[in-house]
Every structure is written in structure tokens, then in C-alpha cells.
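Okay, so here's the structure we're looking at.
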């Protein structure tokens, strides 16, 4: 906890990692804080006393929240799922704010990393269709998993992290959320090189483990627009309800980072953009076979 001191008065502020607000919100807080400080100085010099002014300043800082959007998109076809995530990255989230998207698959499928060879991936799974992601990582089956994406805009605290740091932060968030619903998990301290190229055979450092087995992995893409992390939970822990887990994800983000959640549904124009990208890229055999 940090403190600001003005004469004989001290104000406690939230830790920096609780508030990851956009620069424009921070600027607004700083501007308002300066105005309140000047007003309190005037009040003190006239004998009126500053307690109310400092109380207002403390409330102002404590009430700063970061807007995140939550989109439960439901079951969609594989190409549209990949296109939707890429459009979110292209837009840097939604309205300049991060997005947590939860989605399902309209039919069993498997996705594989941008740099992988299709000919090799085809020998590892019988699931069809196969779809190439725009993120890295390995082969991920999508026949009984919980799939999600996190997208943050350029300049955001997550975007400024190194790849290993954003990967660890994501899975630490998942760990806290599972703990919130009484499911014990831990981050993998070291990698397990078993099954290279197949995401859920073996493990990477900072993958999420449950009972010694990997249950969550992810793949990332970072560019000038933002950061996209595509993640999967599989198999979900026995007796664990997806709705409860997603609510726990939101609650732990609110508790830990002062996130204010807002429901979001894309409009018709946005969906048409995603559909065009799905048709032009993710259903294109040329993209699927590009390596």
C-alpha cells in the first residue's frame, strides 16, 4: 500500500498492480487529484481544513476501475471462431478495452499453430476439420474443452509484458479462479518435453496443472494492435461447472485488478467482417496448407 503525504495528512492508495487503467483514465485521475490538492491547500490556508477534500481524493483514486468486456459467443464453426479472435486482435479488443471471450465449437475440430506443418499435424489426430490459428503453439483438440480468448490493446500492461510473463499471468489468473471455486491447481514449474508440437501431451513452464496433469495451455500473438491469447481448458476438472468457473474468472479479475465487467455482443457489421475473414482465410485451403 502506497501513501501520499500532504502536510499532516496521509492518503493510502491501492497497489499499482490493482489498477491497470488506460492512460486516458490515469490522466483524468491525475488531473482531478491535482485540482483537489490545490483546493485542499487553499482550504488549509484559510483555516477551513482539508479533511473533506482529501476524502474526495482518496475516493477518486480508489474508484478508478478498468473496463473489460465479456463475450460468451457460444458454439460457432471453426473458421469463424478463429476469424473472430483475429478481428478482436485487429481492433485491439473492443472500444480500446480488453475482451474476455468464451466460446465453443459447433462440431468437433482441432486447431494447430501458425508455424506448424499440416502434413505432420494430420498424423496426430483423427479430428476433422483442422484449422490453422494465427497464434503459435501446438495442436489442440476441441471436442470436449473450454475454449477462450483474451485480447488486450497495444499499450496495455499485459501487452508490454514479455511472452513468458503474459503466459504466466494468464495461467495465474486461471489458478486463482479455480481456487475461488475450491479446485486446487498449480503452475508447472518446469517444462515436460513429452509430445512436442501437441499442446496437451507434455507441458510448458507455467502451464496449469491439476492433480499433476496439464489442464490448461495457451498460444499468443502480439502485434502493433494488441495481444491475443487463445486458451483451452481440457479436460475440465470433474464436478466443475463452466458457468461457475467463468464467473470466478470475472470475480478474481475484479478483486485483483479492479476490473469492471461489461457484457458485449458484436453487431451485424462486426460479424460480417469476421465471416468475410473466415471465408477468405480460415476456410481457404491455401492458408491451411501454407507450410
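Annotation: the antiparallel percentage among DSSP beta bridges lying fully within segment 66-285 is about 65.
Counting every other Cβ atom within 10 Å of each residue's Cβ, 181, 87 order from fewest to most as 181, 87. By other beta-carbon atoms within 10 Å, ranking 70, 167 with the fewest at the front produces 70, 167.
By other beta-carbon atoms within 10 Å, ranking 245, 173 with the fewest at the front produces 173, 245.
Three semi-axes describe the equivalent ellipsoid of segment 66-285; taken as square roots of 5 times the Cα gyration tensor eigenvalues and ordered largest first, they are 23, 23, 16 Å.
Write down Rg/Rh for segment 197-246, rounded to two decimals, with Rg from the C-alpha atoms and Rh from the Kirkwood relation over Cα pairs. Mind showing how you got there, number by number?
Values: Rg = 12.9 Å, Rh = 12.4 Å.
Over the Cα atoms of segment 197-246, Rg/Rh equals 1.04.
If you take the Cα centroid of segment 237-271 and the Cα centroid of segment 97-163, the two points sit 18 Å apart.
Laboratory data are not the source of any read-out in this text; all were calculated from the coordinates shown. Small disclaimer: the values here were computed from a predicted structure and weren't measured. Don't worry about glycine lacking a Cβ; one is built from the backbone with ideal geometry, like all the others, and counts go over all protein chains shown.
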